[in-house]
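Working notes, beginning with the structure itself.
The values are calculated or read from the model by the stated rules, or taken from the named source; none is laboratory data. It should be emphasised that the depicted structure is a prediction, and the values quoted were computed from it without experimental measurement. Every residue, glycine as well, gets a Cβ built from its backbone with ideal geometry; the counts of neighbours run over all protein chains shown. Please note that ligands, DNA and RNA were not included when accessible areas were found on the heavy atoms of the full protein model with its side chains. Shrake-Rupley method; radii C 1.70, N 1.55, O 1.52, S 1.80 Å.
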Amino acid sequence: MRIGLPRALIYYYYYPLWKCLFEQLGAEIVISDITSKELIQKGIRVTVPEICLPIKIFNGHVINLLSKDVDYIFVPRFVSIESKKWFCPKFLGLPELVSYTIDGAKEKILTLDINGKKEDTCEWSSYRPLCDILEIREKELKKAMAAAARSWQQFRQCCKEGLTIEEAEQVCNHGVSKEQILSERHSEITLGVLGYVYNIYDSFVSMDIIKKLRQMNVRVITFEMMDEKEISNRFGKKSKRLYWTFTDKVYGTAANLMRNPEVDGLIHVTAFGCGPDSIAGKLIELDSENYKKPFMTLRVDEHTGESHLLTRIEAFVDMIKRKKFAEQRGEPA
């Protein structure tokens, strides 16, 4: 059996879990191609114009998988993984959105509801529908879920030790040395790169922002490198919590990095048309003024050009380096 995983949205966070789960169940994993202009255009053609870029990209990846002779395309419905927090409405309706937007997708969609209280989403009862669809026993599912949980926790631990999602996947699944990855880094300044995983790690959307920053000798911190307790701590017990799970993670990370003297500035990568981000972005901007922390927003859409984005990043990094080096020499910033 061939199960397709769209290389979009929450895939970047839960791929290690899903890969292990379906392989334990004897399925072959098929991943959609890397995002390209052509792939995005296919998604745009079938998606209403008003919807955000990440959903257009997701539809493009589903179309891509339909051409790969898969038996199913896994599109889970993410509802909640924390008490009193939910996912964006587009995540809640994603299976229907895909089914009724793309010709031929409805018969292929493999879906279930992720509605629990743990970030690892490994409560086997959430995946119980797989037993009927894939014709497996509950005992097999529980065993596969246990293995998937171990795989995902190992992946998350690597991230918390300072690895990007891509680096953690290389360490966990391809035997790459974590120590070697960390030893090859050189940094003059430290920047927090804020944003959802599907904006940061989709190389077409972010134009490989982490790679570009490291080429400029910048140490990068992203939200998945933070411990959950740190993210929850933010500005005190009475500080504002946001209702959307990953938006709250991004804002909580920003709050911690604002107070960290080792962090020299913050960049927020957001997709045009994202409602939750419009709130979080403004809150981060206001906090940056209070904490005197340099802050820049990079808002991307299907028309964003790489040269434009790179110019803004270079200027921001250069400004921070000049300021920091001037302060180290005791000169006016």
Regarding the range 101-117, can at least one residue be identified that is surrounded by 15 or more Cβ atoms within 10 Å (Cβ to Cβ) and assigned to a helix (DSSP H, G or I)? no
Here the residues within the range 123-141 that are open to solvent by 20 Å² or more (accessible area, probe 1.4 Å) and within 21 Å of SER80 (Cα to Cα) are GLU123, TRP124, SER125, ARG128, PRO129
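Within the range 64-82, can you find the residues that are assigned to a loop (DSSP other than H, G, I, E, B), more than 16 Å from TYR100 (Cβ to Cβ) and open to solvent by less than 20 Å² (accessible area, probe 1.4 Å)?
VAL70, PRO76, ILE81
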Could you tell me whether the range 17-31 includes any residue that is in contact (Cβ under 8 Å) with a residue 24 or more places away in the chain and farther than 23 Å from LEU112 by Cβ?
no
Filtering the range 299-333 for residues that are open to solvent by less than 30 Å² (accessible area, probe 1.4 Å) and either at pLDDT 90 or above or on the phi > 0 side of the Ramachandran plot (or both) leaves a count of 4
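Applying the selection to the range 148-199, what residues are among the polar types (S, T, N, Q) and within 22 Å of GLU228 (Cα to Cα)?
SER151, GLN153, GLN154, GLN157, THR164, THR190, ASN199
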message: Tell me yes or no: at least one residue of the range 252-266 is of a type outside the set (Phe, Trp, Tyr), open to solvent by 90 Å² or more (accessible area, probe 1.4 Å), part of a helix (DSSP H, G or I) and over 19 Å from THR190 (Cα atoms).
response: no
Those residues of the range 107-156 which are touching a Ser or Thr at 6+ places or on another chain (Cβ under 7 Å) and at pLDDT below 90 amount to GLY116, LYS117
For the range 25-63, the count of residues that are outside any strand (DSSP E or B) and more than 19 Å from TYR201 (Cα to Cα) equals 14
Scanning the range 205-251 residue by residue, the ones that are assigned to a helix (DSSP H, G or I), more than 19 Å from CYS159 (Cα to Cα) and at pLDDT 90 or above total 2
